[in-house]
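One structure below.
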Amino acid sequence: MEKAQLKLNGKTYDFPVVVGTENEHAIDISRLRRDTGYITLDEGFHNTGCESSVTFIDGEKGILRYRGYDVAELAEKSSFVETAFLLVYGRLPTVTERKQFSVLLTENSLLHEDMNHYFTGLPPHAHPMAILSTMVSSFAIFYPTYFVDDKDPKTFDTMVAILLSKVRTIAAFSYKKSIGEPFVYPRHDLRFCGNFLNMMFASPVKPYEADSEAEALLNMLLILHADHEQNCSTSTVRLVGSSRVNLYSSVCAGINALWGPLHGGANQSVIEMLESIHASELTIKDVLDRAKSKSHPFRLFGFGHRVYKNFDPRAVIIKKACLKFLESRKTSDPLLDIALELEEAALKDEYFIERKLYPNVDFYSGIIYRALGIPTNMFTVLFAMGRVPGWIAQWKEMHDAVPIKIGRPRQVYMGAPLRFYKPIEEREE
Ligand code: CMC
């Protein structure tokens, strides 16, 4: 077996090299501190990883696969429900499994009626991500199946269905709450995405007309967001879950991590950025100059990625779908024109070329959501809806690992040395 050697204070230490299925290499430093007394510093975890069998990304070649299947193929041929099964259980379902899974999702789509009181008490302008986080947190109160045994397959299956199905219901309810309309309950006769669109857009005075193109698009978008290996929210789910807290609470932590504008919140920030360009005198050059300036905190939202250094395969698919959808609806969006111009200019700009910054999944997704009639503050909720299967799959992988290890980094202390307490009257003003 290949080994890495470390020379420290005249001594040589060997560390095993781990090689992944796709020939990725890692040095296993799990014995580093025990053997040498040293730890590693790795701000932002640029060089820190774990073993996982869920998702593969090759950032140089722009490859993304779930359980070995290319995401482009899944986006074209699969449904979100089937992809969710694949991620969580590691294989594509058979006809019977697919049916049983759909039934379980359907049976778990309704929220406990008492949860609706939570909604009633919320201020009308609460951000839907805050609502989602609050509601998922309350799953541990309303659906405490984990007290039984989350290693029991049946219990786990129910928790999976509760999360996948009810997150969708909460998402739609949070929208209805924000516009002051009554909730539209989930229906057993509708499929996953159609059911969501119905809960969002039906009202007591106007039924929602089924729209197969919108449904297909939503399926595709959810598939493209379903997992992305060890990103910020997934690592959060794993870290929180490593304390052996229940699945709901772990996923809830992931939702909160996702909300940030450098992560899933970027889809909202992209549209706000495009809107502010549209409403102002700013030129594309002004925007790029601002994004490049070190004295300005502004970044070009929807651009750049920790892993992709060539292109983000999800962004390529989404851009194509976005153009096709607007064309099929014979509609235009001035924000799309700005986005296309921004992309073209950035890709020619030395700053972006040098740093390998390309459009990511969030750059064009918001324009599709807008075309579907989904308001901007709901975009990150849709990202979360899509990411639930990935969080569950990664949580389960971590949860099933033996031996059980709590995530607990070390530190190098850089603060004050030992000091002695001074009574307040002796302290200088
Ligand atoms: N606009 C301007 N400069 C950028 C951008 C950007 N969008 N992204 C990276 N850079 C610069 C950054 O300033 C740094 O420059 P320098 O080397 O001169 O200091 C260099 O590129 C490397 O950036 P980094 O911040 O070290 O890269 P990272 O891997 O830590 O961050 C990122 C990745 C996605 C947080 C970052 O590219 C970013 O902030 N992008 C905008 C927000 C965004 O679109 N986020 C969604 C990410 S994809 C979906 C998801 O994860 O949820």
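The values are calculated or read from the model by the stated rules, or taken from the named source; none is laboratory data. What you are looking at is a predicted structure, and each value in this text was computed from that prediction instead of being measured. Heads up, the Cβs are rebuilt from the backbone with ideal geometry, glycines too, and the neighbour counts pull from every protein chain shown. Areas reflect the complete protein model, heavy atoms only, side chains present, ligands, DNA and RNA absent. Shrake-Rupley method; radii C 1.70, N 1.55, O 1.52, S 1.80 Å.
Odds and ends about this structure:
- When only alpha carbons are used to place a centre, the stretch 361-429 and the stretch 107-162 end up 20 Å from one another.
- Cross-link table K176/K319; K166/K320; K77/K309; K151/K405; K166/K324; K294/K356, entries beyond 20 Å C-alpha to C-alpha: K176/K319; K166/K320; K77/K309; K166/K324
- Rg(Cα)/(2.2 N^0.38 Å) for the stretch 140-182, N = residue count: 1.48
- Within the stretch 328-429, the chymotrypsin sites (Phe, Trp or Tyr not before Pro) that combine a DSSP coil assignment with at most 14 other C-beta atoms in a 10 angstrom radius are Y413, F420, Y421.
- Computed label-point distance, nm, for sites K11 and F183 using a 7 Å Cα→Cβ extension: 6.1
- Binned Cα-Cα distance frequencies in the stretch 226-333 - 10 Å width, integer %: 12, 31, 33, 19, 5, 0
- Dipole in debye (nearest 20) - the chain, about Cα centre, beta carbon charges: Lys, Arg +1; Asp, Glu -1: 760
- Selection of GluC sites (Glu not before Pro), the stretch 61-143, meeting DSSP coil and at most 13 other Cβ within 10 Å: E113
- If the chain linking K330 and V307 were pulled fully straight, counting 0.36 nm for each residue of separation and taking away their Cα-Cα distance, it would gain 4.7 nm.
- Candidates G37, G49, G304, ranked by Gaussian network fluctuation over the chain, Cα under 10 Å, top entry: G37
- Percent of C-alpha pairs per 5 Å bin, the stretch 34-87, short to long: 4, 14, 18, 18, 13, 10, 9, 7, 4, 3, 0
- Taking the Cα centre of the stretch 5-93 as reference, the dipole from Cβ charges on Lys and Arg (+1) and Asp and Glu (-1) amounts to some 380 debye.
- One decimal place: the segment E429-N47 gains 133.0 nm when fully extended, by the rule 0.36 nm per residue minus the C-alpha distance.
- DSSP-assigned coil residues among GluC sites (Glu not before Pro) in the stretch 228-328, each with at most 11 further Cβ atoms within 10 Å: E281
- Nearby aspartates and glutamates by direct alpha-carbon distance to K3 (threshold 17 angstrom, same-chain neighbours under 8 apart not counted): D14, E24, D28, D35
- Within the same chain, aspartates and glutamates fewer than 8 places from K177 are excluded, and of the rest, those with a Cα less than 20 Å from its Cα are E113, D114.
- Placing a label point 7 Å from the Cα of M1 along the Cα-to-Cβ direction, the residues of the stretch 386-414 whose backbone N falls under 15 Å of that point are 403.
- Compactness of the stretch 1-92 was expressed as the Cα radius of gyration divided by 2.2 N^0.38 Å, which yields 1.47.
- Only helices enter the 222 nm calculation for the chain: every DSSP H run of n ≥ 4 contributes -39,500 (n - 2.57), and dividing by all residues gives -16000 deg cm²/dmol, rounded to 500.
- Alpha carbon Rg of the chain, scaled by the compact-globule rule 2.2 N^0.38 Å: 1.07
- Surface accessible to a 1.4 Å probe, per residue, for the residues of the chain, Å²: 53
- A Förster radius of 51 Å, combined with the Cβ-Cβ distance separating Q100 from V18, puts the computed FRET efficiency at roughly 0.90.
- Cα-based shape type of the stretch 1-157, given that a ≥ b ≥ c are square roots of the gyration tensor eigenvalues and the cut on a/c is 1.5: prolate
- If R0 equals 51 Å, the separation of the Cβ atoms of D28 and F298 corresponds to a calculated FRET efficiency of about 0.80.
- Three semi-axes of the equivalent ellipsoid, the stretch 87-192, Cα gyration tensor, whole Å, largest first: 27, 17, 11
- Per-bin percent of Cα-Cα distances, the stretch 191-271 [5 Å]: 3, 13, 15, 16, 17, 16, 12, 6, 2, 0
- Selected from G407, G90, G386 as most flexible by GNM, with the chain as the system and alpha-carbon contacts under 10 Å: G407
- Of L218, C232, S243, farthest towards positive along the dipole that unit charges on Lys, Arg, Asp, Glu beta carbons give the stretch 205-247: S243
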